[in-house]
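Enquirer: Have a look at this one.
The values are calculated or read from the model by the stated rules, or taken from the named source; none is laboratory data. Predicted, not measured: the structure shown is a model, and the values here were computed from it. Positions of Cβ are backbone-derived with ideal geometry, glycine not excepted, and every protein chain shown enters the neighbour counts.
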Amino acid sequence: MGHSHRNLHGGGARAAVFGVSDGLVSNVALILGMAGAQASPGAVRLAGIAGLIAGSFSMAAGEYISMRAQSELMLRELDVERQAIRHDPEDERKELAAIYESRGIDADLARELSVKMMRDPELALETHAREELGINPEETGNPVQSAVSSFIMFGIGAFIPLLPWLITSGTTATIWSVVLGGVAAFGVGAALAMFTGRSWLWSASRQLLISGVAAAVTYSVGHLVGAG
């Protein structure tokens, strides 16, 4: 039976998962910290909105810069390998044969394979990139996709605990922020298990615990600072 794998090299899936998780945890903590400090409903709403906007842009910028740097580094290494194949093909062939031999292939067969691979410059580049550098020349990452995905998903995650404060205020809003944040954290953890293949219950519980600890700590700190 055949099987398939998800393509995670573009960074969009990873950025989406981390984006919604970070948005949820950071804004739950921020909003509950303000609520614990007995801040006015308007101040809590302002903090939540500011956290959503600033966090979304920060996450998007960070993802774009990191993915762009990674992509540029890969392209540079590929260009170095391309020049080496063009100007010194025999050394590159020997290098490829040595890699095959190090993986247990017979010396004669390794030499035969390396000769065949080096006949086509593009195939030679792809083979060296995979075997020597561990990268796929066609999958060097997509910075824009990562940035957009991170921006949108962070905003969604950050909006969930903010929603009650746009409708109500005080203790009611605080309780609903906790409830919605907890349900969302559990759901994000369960969704993450779809990518990792781990137990959905373990992944969801871990995400809920992390969010809960962050919220409890910031609420306590806000209460102490506000009371002081």
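Per-residue answers, yes or no, for (1) of a type in the set (Gly, Ala, Ser); (2) closer than 23 Å to Ala147 by Cβ; (3) modelled with pLDDT under 90; (4) not assigned by TED's automatic domain parsing to the domain that holds Val178:
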{"position": "Val17", "(1), (2), (3), (4)": "no, yes, yes, no"}
{"position": "Ser26", "(1), (2), (3), (4)": "yes, yes, no, no"}
{"position": "Leu32", "(1), (2), (3), (4)": "no, no, no, no"}
{"position": "Ala39", "(1), (2), (3), (4)": "yes, no, no, no"}
{"position": "Ala43", "(1), (2), (3), (4)": "yes, no, no, no"}
{"position": "Ile49", "(1), (2), (3), (4)": "no, yes, no, no"}
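Enquirer: Still on this structure, please answer the following. Tell me which of these Val20 doesn't satisfy, since it passes every other one: (1) of a type in the set (Val, Ile, Thr); (2) over 14 Å from the mean Cα position of the chain (by Cα); (3) crowded, with 23+ Cβ neighbours inside 10 Å.
Expert: (2)
Enquirer: I've got another one for you. What are the pairs with Cβ atoms under 7 angstrom where one residue, in the stretch 51-79, is more than 24 Å from Asp22 (Cβ to Cβ) and the other, located anywhere, is among the polar types (S, T, N, Q)? Sequence gap at least six, or different chains.
Expert: That search, which allows pairs on different chains as well, returns Met74/Thr140; Leu75/Thr140.
Enquirer: Continuing with the same structure: Quick one: which helices (runs of 4 or more DSSP H) sit completely within the stretch 87-129 and have at least 1 residues that are of a type in the set (Phe, Trp, Tyr), crowded, with 17+ Cβ neighbours inside 10 Å and at pLDDT 80 or above?
Expert: The qualifying helices (runs of 4 or more DSSP H) are 89-102.
Enquirer: Can you tell me how many residues in the stretch 35-54 are surrounded by fewer than 22 Cβ atoms within 10 Å (Cβ to Cβ) and of a type in the set (Val, Ile, Thr)?
Expert: 2
Enquirer: Can I ask one more? Does the stretch 129-166 hold any residues that are of a type in the set (Val, Ile, Thr) and out of contact with any Leu (no Cβ under 7 Å at 6 or more places or on another chain), and which are they? Show your work before the answer.
Expert: Looking only at the stretch 129-166, we keep the residues that are of a type in the set (Val, Ile, Thr), and these are 135, 140, 144, 148, 152, 156, 160.
Scanning the stretch 129-166 gives Ile135, Val144, Val148, Ile152, Ile156.
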